[in-house]
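Colleague: First the structure, then my questions, so here it is.
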Amino acid sequence: MENPNDISKRILTLKRTFNVPVKTVWEAWTRPEHVAQWWGPKGMEVKVIQHEFKTGGHWKYVMLMPDGNEFISEGVYSEIIEFEKVVSSANFKPMTEGVILQALFEENGDKTNFTFSVIHPTEEYCKQQEKMGFYNGWGSAFDRLENFVASH
């Protein structure tokens, strides 16, 4: 019998190596003025509404859609280890709710190994999110992040 709590069946992960030091990637991920420059797919304007970067702190970003609608992403930080790890709950209304985001930052000389995972409440939900375009959506955002850190 399979364990319904098996995290390996509820997680989607993207890995990147950025050609900049870990401090640069960390600041791009944790400073609101930087987040607004890369969060979301190419061409999307992002407004940082709330950004309390501390354990228990809330974050809320709004992406302005071309049709005038707003796409809201928000959550609460549950674990922060400087230059290493950020864990947060996350809701991306109306598409994704009740997930956990985990961003890992690993120094690799003058480069940064970055691992981003989203943990879903169920295996079914995880599969649904993958089909909805998880890798393309986050991949596009991380392309923007890569361009942002390369220019700063």
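The values are calculated or read from the model by the stated rules, or taken from the named source; none is laboratory data. Everything numeric in this text was worked out from a predicted model, so none of it was measured. Cβ atoms come from the backbone with ideal geometry, glycine included; neighbour counts cover every protein chain shown.
Colleague: Assess whether A103 counts as being in contact with a strand residue (DSSP E or B) (Cβ under 8 Å, 6 or more places away or on another chain), under 19 Å from E33 (Cβ atoms) and either in contact (Cβ under 8 Å) with a residue 40 or more places away in the chain or of a type in the set (S, T, N, Q) (or both).
Modeller: yes
Colleague: While we're here: Please specify each residue of segment 1-27 satisfying the condition of being at pLDDT below 95 and of a type in the set (A, V, I, L, M).
Modeller: Residues satisfying the conditions are M1, I7.
Yes/no matrix, rows are residues, columns are (1) within 12 Å of the chain's Cα centre (by Cα); (2) farther than 15 Å from V25 by Cα; (3) part of a helix (DSSP H, G or I):
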| site | (1), (2), (3) |
| --- | --- |
| V62 | no, yes, no |
| V76 | no, yes, no |
| F83 | no, no, no |
| I100 | yes, yes, no |
| A103 | yes, no, no |
| E106 | no, no, no |
| F116 | yes, no, no |
| G137 | yes, yes, yes |
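Colleague: Which residues, counting only those in segment 103-126, are among the polar types (S, T, N, Q) and surrounded by fewer than 19 Cβ atoms within 10 Å (Cβ to Cβ)?
Modeller: Listed by number, the residues that qualify are N108, N113, T115, S117, T122.
Colleague: Which of the residues spanning segment 27-49 are closer than 24 Å to F83 by Cα, in contact with a Lys or Arg (Cβ under 9 Å, 6 or more places away or on another chain) and assigned to a loop (DSSP other than H, G, I, E, B)?
Modeller: Once the filter is applied, which keeps residues that are closer than 24 Å to F83 by Cα, in contact with a Lys or Arg (Cβ under 9 Å, 6 or more places away or on another chain) and assigned to a loop (DSSP other than H, G, I, E, B), segment 27-49 yields W39, G40.
Colleague: Please specify each residue of segment 14-32 satisfying the condition of being β-branched (V, I, T) and surrounded by 15 or more Cβ atoms within 10 Å (Cβ to Cβ).
Modeller: Once the filter is applied, which keeps residues that are β-branched (V, I, T) and surrounded by 15 or more Cβ atoms within 10 Å (Cβ to Cβ), segment 14-32 yields V20, V22, T24, V25, T30.
Colleague: Can you find a residue in segment 15-23 that is touching a residue at least 12 places away in the same chain (Cβ under 8 Å), assigned to a helix (DSSP H, G or I) and in contact with a helix residue (DSSP H, G or I) (Cβ under 9 Å, 6 or more places away or on another chain)?
Modeller: No, there is no match, as no residue in segment 15-23 is touching a residue at least 12 places away in the same chain (Cβ under 8 Å), assigned to a helix (DSSP H, G or I) and in contact with a helix residue (DSSP H, G or I) (Cβ under 9 Å, 6 or more places away or on another chain).
Colleague: On the given criteria, is Q102 touching a Phe, Trp or Tyr at 6+ places or on another chain (Cβ under 8 Å), under 19 Å from P21 (Cβ atoms) and among the polar types (S, T, N, Q)?
Modeller: No, not satisfied.
Colleague: Go through the residues of segment 86-97 one by one and say whether even a single one is within 14 Å of the chain's Cα centre (by Cα) and assigned to a loop (DSSP other than H, G, I, E, B).
Modeller: No, there is no match, as no residue in segment 86-97 is within 14 Å of the chain's Cα centre (by Cα) and assigned to a loop (DSSP other than H, G, I, E, B).
Colleague: If you don't mind, another one. Select from segment 90-100 the residues that are crowded, with 17+ Cβ neighbours inside 10 Å and touching a strand residue (DSSP E or B) at 6+ places or on another chain (Cβ under 7 Å) and list them in ascending order.
Modeller: Result: A90, F92, V99, I100.
Colleague: So, one more: Please specify each residue of segment 38-61 satisfying the condition of being surrounded by 15 or more Cβ atoms within 10 Å (Cβ to Cβ), of a type outside the set (F, W, Y) and at pLDDT below 95.
Modeller: G40, P41, M44, V46
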